[in-house]
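Here the structure is laid out as structure tokens; the discussion comes afterwards.
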Amino acid sequence: MRRYSRTSLLLAASLALLAGYIDAVGFLQLGGFFVSFMSGNSTRLGVGAALGDLTIVTTAGGLIGLFVLGVIAGVLAAPEWWRWRRVSVLALVTTLLAVAAWLAGQGSPASAAFTALAMGALNAVFQRDGDIAIGVTYMTGALVRMGQRIAAALRGGPVWDFAPFAMLWVSLTTGAVLGAATYGAIGGVALWVAAGASAGVGAVLLARDSRANG
């Protein structure tokens, strides 16, 4: 994380907040399944398989597959040579979220499919050398790194190296609170808020990149 500027870290925190918001909405829509936390869905798939519950297996497995497809789509939308790759990814995410929000308004269960696709694609914002450098929709890795940095600090290392990872976790958790509260207040319309936020972040990036490349 030291390799990233403050602007990039702020972007990562903003996207983590958005991911937490969307995952909370999806969790409530689906009654306990996730649209971005695939470790949780993998556990549910395993439990469903052990219990012989085909509904759990197909729901969790389908969401996992859609998430992976979203990652693929996000990576393909943002080749390394394309200077607008972050904007391209956010344009894709915004489109998928808008479709999900429209379907939610129609009462269609397919809404969750497009939300899972969007969450997979969102991770492609931070590509570096062909890999996802910062995962913004899941926090297990960030918590592990935070613990590692705290341990290093206790041994005399840099004191605040854990802070960026803590910031990501706090952002995602705060987003989940906001998502759950918004869904409780306005239902599936909450996804339009997410689509608007994604579009807003994309617009800020577009303006910033245009100045930088101008």
For this session: Could you figure out which of (1) without any contact (Cβ under 8 Å) to a residue 40 or more places away in the chain; (2) over 16 Å from S14 (Cβ atoms); (3) of a type outside the set (D, E, K, R) isn't true of A166?
Result: (2)
Exercise. Residue check, A207 against (1) without any contact (Cβ under 8 Å) to a residue 60 or more places away in the chain; (2) more than 21 Å from L9 (Cβ to Cβ), all met but one. Which one?
Worked result: (2)
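From the residues in the range 148-163 that are under 19 Å from A12 (Cα atoms) and out of contact with any Lys or Arg (no Cβ under 8 Å at 6 or more places or on another chain), which one is surrounded by the fewest Cβ atoms within 10 Å (Cβ to Cβ)?
Ranking the qualifying residues of the range 148-163, first place goes to W160.
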Seminar exercise, completed: Here the residues within the range 174-214 that are under 30 Å from R149 (Cα atoms) and loosely packed, with under 15 Cβ neighbours inside 10 Å are V177
Exercise. Is there a residue in the range 112-123 that is touching a helix residue (DSSP H, G or I) at 6+ places or on another chain (Cβ under 6 Å), part of a loop (DSSP other than H, G, I, E, B) and closer than 27 Å to F27 by Cβ?
Worked result: no
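Here, each number is a calculation from the coordinates, and none is a lab measurement. Just so we're clear, the structure is a prediction, and the values are computed from it rather than from any experiment. Ideal geometry is used to build each Cβ from the backbone, glycine not excepted, and the neighbour counts take in all protein chains shown.
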